[in-house]
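I have placed the structure first, in the form of structure tokens, so that the comments after it can refer back to it.
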Amino acid sequence: MDEFDKICFVCKNKITENNWQLNSEVNLPVCNQCKDTAKEQKTVEEYLDELADGLVCGCI
Ligand SMILES: [Zn+2]
């Protein structure tokens, strides 16, 4: 029943209470391991590209 049922949008690992931050570009949670990494930036770009192209299909 807790609200920390979040997943890091970069590595898809489950986030625990104190190891994440919100990425303000995509408004999604990111774990401290991925925060400020090149991988995070790449995922942000891909995510924004998808939004821009209207290709949000829910499949990966
Ligand atoms: Zn992560």
Query raised in the report: In the P(r) worked out for segment 1-54, what percent of Cα pairs fall beyond 15 Å?
Result: 44
Requested in this report: Might you tell me the accessible area per residue for segment 1-54, computed with a 1.4 Å probe and given in Å²?
Outcome: 75
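Could you work out what % of the accessible surface of segment 1-54 is carbon and sulfur, using a 1.4 angstrom probe and leaving DNA, RNA and ligands out of the count? Before the final figure, lay out each step's value.
Values: 1860 of 4030 Å².
Taking all protein chains in place, segment 1-54 shows 46 percent carbon and sulfur surface.
The values are calculated or read from the model by the stated rules, or taken from the named source; none is laboratory data. For clarity, every value in this text was computed on a predicted model and none was experimentally measured. Heavy atoms of the whole protein, side chains included, go into the accessibility calculation; ligands, DNA and RNA do not. Shrake-Rupley method; radii C 1.70, N 1.55, O 1.52, S 1.80 Å.
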